[in-house]
Amino acid sequence: MSASALPEVSLTFAQLPLRPQTIEALHAHGFIAPFAIQEMVLPIALGDGDVIGQAKTGTGKTLAFGIPIIERVIAPDDVEWAEFTHKGMPQVLIVVPTRELCTQVARDIEELASNRGIRTLAVYGGRAFEPQIEALNTGVEIVIGTPGRLLDLSRQGQLKLKEVSRLVLDEADEMLDLGFLPDVEKILANTPKRTQTMLFSATMPGDIIALARRFMNQPIHIRTQDSEDEGAVVSRIEQHVLRAHAMDKIEMLSRILQADGRGPTIVFCRTKRTCQKTADDLIERGFRAAPIHGDLGQSAREKALGDFKAGKSDVLVATDVAARGIDIEGITHVINYQCPEDEKTYVHRIGRTARAGADGIAVTFVDWDELARWKMINQVLELGLAEPEETYSSSPHLFEVLNIPTGSTGRMIKAKPVVRIESKTATAPRRDSGRGKVASPQERVERTRTRTKKFKDS
């Protein structure tokens with residue numbers, strides 16, 4: 001069943017069969033009417049039907065599955081709790097591909113469920129097992145986690161899945177890309193009392209469809225985009241593609257970051273090394289930048305993301321894997337410092353901006369050896385940008401099209417002067433060992449000759 005087959009109605013959350021506490025929490029966070037994906041999913045999900053939700057990034061999928069599961073959870077403050085036989089055991093399991101998405105979904109669910117006393121727990125790698133195990137032993141109703149850590153806790157007997165009645169797979173295509181599909185199948189097999197399964201994904205590869213057929217019960221497929229433009233880029237994004245030289249990229253980036261109206265910005269790199277070096281270069285030039293990539297510890301990644309959300313930094317330099325699941329409103333610019341691998345990665349990257357109806361700007365640097373890759377992306381997405389204009393940090397059109405003030409340089413602060421340390425061994429005079437006074441180079445040569453003569457005469 002596609003979106004076009006559903007009746008076109010306009011609902012508010014107050015018109016849906018929701019608990020008063022849920023409506024109160026939604027209004028408290030500024031949600032009055034559902035987005036398109038929510039409007040189509042909620043009537044089916046609230047009726048306990050299995051759902052496959054397909055929508056572009058940033059369209060509000062978290063609420064689409066979050067509201068129905070909160071409605072069905074029996075919490076300690078509910079009147080049904082007294083007769084509930086599985087107190088403290090997880091009733092809902094939400095599986096996500098990355099740590100960042102895990103913490104984000106957990107925060108959103110907790111905000112909606114806090115006034116009902118529902119206990120939520122985020123479990124993911126990079127953190128100690130003990131606090132997560134302690135929380136599970138105390139009792140939780142909703143668990144949000146990454147596949148690896150969920151399976152680890154399940155094997156240890158700490159996470160009991162046998163009473164899970166509702167399961168959500170969020171960003172299923174990313175789980176496939178990261179190789180988590182076998183783990184997801186094991187998790188699904190370990191939830192025998194599952195009565196509702198919801199799967200959400202931006203794209204629907206064949207493996208995901210096969211997974212849905214195997215583990216879901218007559219799911220209704222809902223998608224918010226027509227089949228002919230499936231996978232197309234967000235139309236509100238202003239896209240610029242520039243042919244850039246590798247040695248000049250950091251200069252170009254520094255000038256773009258000074259554009260008028262530039263707000264929080266994400267810079268994407270393909271490799272962890274480039275990510276770290278780019279962030280270090282920006283910091284040295286006076287920009288408030290922070291890196292986020294796989295070589296950083298979990299606490300460092302969380303701090304970088306937290307500082308970015310709090311406004312302590314306004315440039316987040318990220319790799320694709322580390323940036324998956326980052327959902328931050330207000331991103332004005334996305335800059336592809338290195339050309340994406342394929343069209344899906346390109347769509348995912350630039351989708352970080354222009355969220356919640358806002359506009360956004362995406363800039364892609366294409367080096368000479370990346371032209372073939374970019375032409376493939378351009379052809380699949382039909383962007384009409386097959387030949388990027390050759391651009392340098394001093395090119396007038398760079399300043400014009402990106403609204404960069406004239407005279408902007410590649411630095412916000414002056415470069416630190418280079419301090420040269422002269423070698424003492426090369427400049428210090430050598431003292432005469434016999435008399436304790438400084439000997440000139442000529443004296444040293446003559447003495448060497450004298451000693452040599454004496455040696456020969458003997």
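The values are calculated or read from the model by the stated rules, or taken from the named source; none is laboratory data. Just so you know, these numbers come straight off a predicted model, no measurement behind them. Heads up, the Cβs are rebuilt from the backbone with ideal geometry, glycines too, and the neighbour counts pull from every protein chain shown.
Only residues that are buried (at least 19 other Cβ atoms within 10 Å of the Cβ) and either touching a residue at least 40 places away in the same chain (Cβ under 8 Å) or within 17 Å of the chain's Cα centre (by Cα) (or both) were counted in the stretch 142-164, giving 10.
Restricting 267, 321, 315 to residues that are within 14 Å of residue 364 (Cβ to Cβ) and among the aliphatic types (A, V, I, L, M) narrows the list to 267.
For the stretch 74-129, which positions are acidic (Asp, Glu) and under 30 Å from the mean Cα position of the chain (by Cα)? Of everything in the stretch 74-129, those that are acidic (Asp, Glu) and under 30 Å from the mean Cα position of the chain (by Cα) turn out to be 100, 108, 110, 111.
Selection of the stretch 216-231 for residues being modelled with pLDDT of 90 or more and outside any strand (DSSP E or B) yields 216, 217, 218, 219. How many of the residues in the stretch 174-203 are touching a residue at least 60 places away in the same chain (Cβ under 8 Å), part of a loop (DSSP other than H, G, I, E, B) and surrounded by 18 or more Cβ atoms within 10 Å (Cβ to Cβ)? Qualifying residue count for the region: 3.
Let's see how each residue does on (1) aromatic (Phe, Trp, Tyr); (2) at pLDDT 90 or above:
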| residue | (1), (2) |
| --- | --- |
| 156 | no, yes |
| 160 | no, yes |
| 166 | no, yes |
| 169 | no, yes |
| 183 | no, yes |
| 200 | yes, yes |
| 205 | no, no |
| 233 | no, no |
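Summed over the stretch 366-385, the residues that are of a type in the set (Val, Ile, Thr) and outside any strand (DSSP E or B) give a count of 2. Only a single criterion out of (1) in a loop (DSSP other than H, G, I, E, B); (2) under 22 Å from residue 76 (Cβ atoms); (3) not acidic (Asp, Glu) is not satisfied by residue 133, namely (1).
Just one of (1) under 27 Å from residue 24 (Cα atoms); (2) in a helix (DSSP H, G or I); (3) in contact with a helix residue (DSSP H, G or I) (Cβ under 7 Å, 6 or more places away or on another chain) fails for residue 150. It is (1). Every condition in (1) at pLDDT 85 or above; (2) under 24 Å from the mean Cα position of the chain (by Cα); (3) of a type in the set (A, V, I, L, M) is met by residue 212 except one, and the failing one is (2). Of all residues in the stretch 347-370, those satisfying the criterion of being surrounded by 15 or more Cβ atoms within 10 Å (Cβ to Cβ) and either over 27 Å from the mean Cα position of the chain (by Cα) or modelled with pLDDT of 90 or more (or both) are 361, 362, 363, 364, 365, 366, 367, 370. Every condition in (1) closer than 23 Å to residue 13 by Cα; (2) crowded, with 19+ Cβ neighbours inside 10 Å; (3) touching a strand residue (DSSP E or B) at 6+ places or on another chain (Cβ under 6 Å) is met by residue 95 except one, and the failing one is (1).
All but one of (1) in contact with a Pro (Cβ under 9 Å, 6 or more places away or on another chain); (2) in the same structural domain as residue 68 (by TED's automatic domain parsing); (3) assigned to a strand (DSSP E or B) hold for residue 213; which doesn't? Of (1) in contact with a Pro (Cβ under 9 Å, 6 or more places away or on another chain); (2) in the same structural domain as residue 68 (by TED's automatic domain parsing); (3) assigned to a strand (DSSP E or B), only one is false for residue 213: (3).
One line per residue, one yes/no per condition, for (1) at pLDDT below 90; (2) surrounded by 22 or more Cβ atoms within 10 Å (Cβ to Cβ); (3) part of a strand (DSSP E or B); (4) acidic (Asp, Glu):
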position	(1), (2), (3), (4)
11	yes, no, no, no
14	yes, no, no, no
18	no, no, no, no
24	no, no, no, yes
31	yes, no, no, no
41	no, yes, no, no
44	no, no, no, no
49	no, no, no, no
53	no, yes, yes, no
